[in-house]
1. What are the pairs with Cβ atoms under 6 angstrom where one residue, in the range 107-136, is more than 25 Å from residue 159 (Cα to Cα) and the other, located anywhere, is in a helix (DSSP H, G or I)? Sequence gap at least six, or different chains.
2. Of all residues in the range 86-137, count the ones that are touching a strand residue (DSSP E or B) at 6+ places or on another chain (Cβ under 8 Å), more than 20 Å from residue 199 (Cβ to Cβ) and assigned by TED's automatic domain parsing to the domain that holds residue 58.
3. So, in the range 208-229, how many residues would count as being without any contact (Cβ under 8 Å) to a residue 24 or more places away in the chain and buried (at least 24 other Cβ atoms within 10 Å of the Cβ)?
4. Sort out which residues of the range 164-191 are closer than 24 Å to residue 138 by Cα, assigned to a loop (DSSP other than H, G, I, E, B) and under 24 Å from the mean Cα position of the chain (by Cα), and write them in order of number.
5. Among the residues of the range 261-303, what is the count of those that are more than 19 Å from the chain's Cα centre (by Cα) and either part of a loop (DSSP other than H, G, I, E, B) or within 25 Å of residue 251 (Cβ to Cβ) (or both)?
6. Checking residue 173 against (1) surrounded by fewer than 16 Cβ atoms within 10 Å (Cβ to Cβ); (2) more than 26 Å from residue 78 (Cα to Cα), which test does it fail?
7. Taking the criterion of being part of a loop (DSSP other than H, G, I, E, B), touching a strand residue (DSSP E or B) at 6+ places or on another chain (Cβ under 8 Å) and either free of Cβ contacts under 8 Å to residues at least 40 places away in the same chain or not assigned by TED's automatic domain parsing to the domain that holds residue 152 (or both), would at least one residue in the range 192-207 satisfy it?
8. Quick one: is residue 99 touching a residue at least 12 places away in the same chain (Cβ under 8 Å), buried (at least 18 other Cβ atoms within 10 Å of the Cβ), more than 24 Å from residue 175 (Cβ to Cβ) and under 15 Å from the mean Cα position of the chain (by Cα)?
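The values are calculated or read from the model by the stated rules, or taken from the named source; none is laboratory data. This structure is a prediction, so every number in the text was calculated from the model and none was measured. Using ideal geometry, Cβ is built from the backbone for each residue, glycine included, and neighbour counts are taken over all protein chains shown.
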């Protein structure tokens, strides 16, 4: 079976070369930009596709008769393809969990610090020739509401507690021996000085943080999202930021990526933006690609 890493970028290329061993299955590397419409030509003759974060529209994959497996580099394949529909075409989507919990948790804390101290806003104004010191808030004693107590949420809780923050969490299912108090989602929203999202995206969680739930938060609270953009009703989030009800948002993920330069979120001063980079560290990337190669090996050996 032939394999193609369809969207290897400059960051992942050297990492892949480092972790791909002599006895591993051969993988063709594509680094050239492409549109979704180019996928049938790119994937012709390939049964396995390694996909970093490229969209795989069902109607396009329908035109790729050789393809049987997509190895998605991460957990949130559902944001980039219709997994069930692809299964109906005979294409199995494989995801990879737990490779970057520490990396994403650290990025979450970076966005919390940036939001609390207006780091990005002051950086922009200084570069624009304006010296305007802005007051921030200290995190000691503040309440961090954690929505989703999986591996990343648990790591964020551990770090936040080390900073002297209080934590309260909501998870969709009970968590045995949770290291922080748990409560209903509304209770978490009402208590949080900062709300941090760590849920998978599915039909039940899409738009979970809507206008009603944003209104349930404290005036002046902050929201950080390093999970999936579509967990939040984007229009409601923009309205809450514009009105000042939310003090700040730190966002690594968006409903549509890449975020357009003229998107309202990109124009708001009380938003700190990063480019879906929470998991992008050499350590996490090595683990991720090593596991992806392992999945390819399993597919090839199974015939």
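1. Within 6 Å, the pairs are 132/125; 134/122.
2. Final tally of qualifying residues: 5.
3. Within the range 208-229, residues that are without any contact (Cβ under 8 Å) to a residue 24 or more places away in the chain and buried (at least 24 other Cβ atoms within 10 Å of the Cβ) number 0.
4. 165, 179, 180
5. 8
6. The number of the failed condition is (2).
7. Checked against the condition, which is being part of a loop (DSSP other than H, G, I, E, B), touching a strand residue (DSSP E or B) at 6+ places or on another chain (Cβ under 8 Å) and either free of Cβ contacts under 8 Å to residues at least 40 places away in the same chain or not assigned by TED's automatic domain parsing to the domain that holds residue 152 (or both), the range 192-207 yields at least one hit.
8. Answer is no for this residue.
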